[in-house]
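First comes the structure, then the notes that go with it.
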């Protein structure tokens, strides 16, 4: 059995430090994805490969909607509503999984690109692959907090892990907000 | 947290989702009509990112005091 020894005041002080650490991590990730985005701009320029825009739009919508449910789940735990917290997380994980399967199982084979062929293939797989990896780790993170929430580990006052998972998930969404137009919309088809 | 504030938070989440959806449809519409202007699409992406960072990631908490959960 876990015994909470930290006072609420100590917890709040720790929370501020945790938030700062999390956002520094997010900043470091921003540099990583920013570098990848710059490689797309440099190597593709004003062109892009021919890709399935309809599928990408559906997957993008799924990811944006997952952020809505994540926000709802986080709000629910802050209000002590564990039932809604779990429902929100279930939707988030389902939509995240849909996005992941859509990219890896549908988009990749449909693209007709190969990572080793040219700059289009290399950049396409680098961007979608690195992002998909983050979606996968996000889903794992969400599954852990879902189980912990189910076991009653979170209260309206103490739910830092949920906040961290939410910020991470939304960040993955923000990355896709820039990657989606860069891969599928901007430029003329090569 | 009272019911009014709770309703406000949920309502804000829905409004953000609607705005994001409209902007995403707008982006696709631009691309389908061949209007692939970097400046417009980047501006749309920046607007969407701003909304997510402010309203879903709650970046304001980083600068808030200990009272903010």
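Just so you know, all these numbers are worked out from the coordinates, no wet-lab data involved. For clarity, every value in this text was computed on a predicted model and none was experimentally measured. Positions of Cβ are generated from backbone atoms using ideal geometry, with glycine treated the same way; all protein chains shown enter the neighbour counts.
Max-minus-min Cα coordinates of segment B:3-63 on each principal axis give 47, 24, 10 Å, with the largest extent listed first.
Relative contact order for chain A: 35 percent, from Cα pairs under 8 Å spaced at least 6 residues apart, divided by residue count. For the protein assembly as shown, taking the reciprocal of the average inverse distance between every pair of different Cα atoms yields a Kirkwood hydrodynamic radius of 19.3 Å.
As a proxy for reagent exposure, ranking A:16, B:46 by other Cβ atoms within 10 Å from fewest up yields B:46, A:16. Comparing A:31, A:85, A:179 in a Gaussian network model of chain A (Cα springs below 10 Å), the most mobile by mean-square fluctuation is A:31.
Once both labels are positioned 7 Å from their Cα atoms along Cα-to-Cβ, the gap between residue A:133 and residue A:24 label points is 2.3 nm. With one equal scatterer per alpha carbon and no solvent term, the Debye-computed log10 I(q)/I(0) for segment A:1-98 at 0.18 1/Å reads -1.12. The calculated 222 nm mean residue ellipticity attributable to helices in chain B amounts to -22000 deg cm²/dmol, summing -39500 (n - 2.57) over DSSP H runs of n ≥ 4 and dividing by all residues. Given R0 = 35 Å, the distance between the Cβ atoms of residue B:12 and residue A:114 translates into a calculated FRET efficiency of 0.20. Pair-distance distribution of segment A:48-190: all C-alpha pairs, bin width 10 Å, starting at 0; shares per bin in whole percent are 12, 41, 26, 15, 6, 0.
Taking the helices alone, chain A has a mean residue ellipticity at 222 nm of -26000 deg cm²/dmol, built from -39,500 (n - 2.57) per DSSP H run of at least 4 residues and averaged over all its residues. At an R0 of 30 angstrom, the distance between the Cβ atoms of residue A:8 and residue B:4 translates into a FRET efficiency of 0.75.
Placing a label point 7 Å from the Cα of residue A:32 along the Cα-to-Cβ line, the residues of segment A:110-135 whose backbone N sits under 17 Å from it are A:125-135. Residues of segment A:56-72 falling in the label zone of residue A:90, defined by backbone nitrogen less than 13 Å from a point 7 Å along Cα to beta-carbon, are absent. Within 10 Å of the Cβ of each residue in B:53-61, the mean number of Cβ atoms contributed by other protein chains is 6. Averaged over the residues of peptide A:67-77, the number of Cβ atoms from other protein chains lying within 10 Å of each residue's Cβ is 5.
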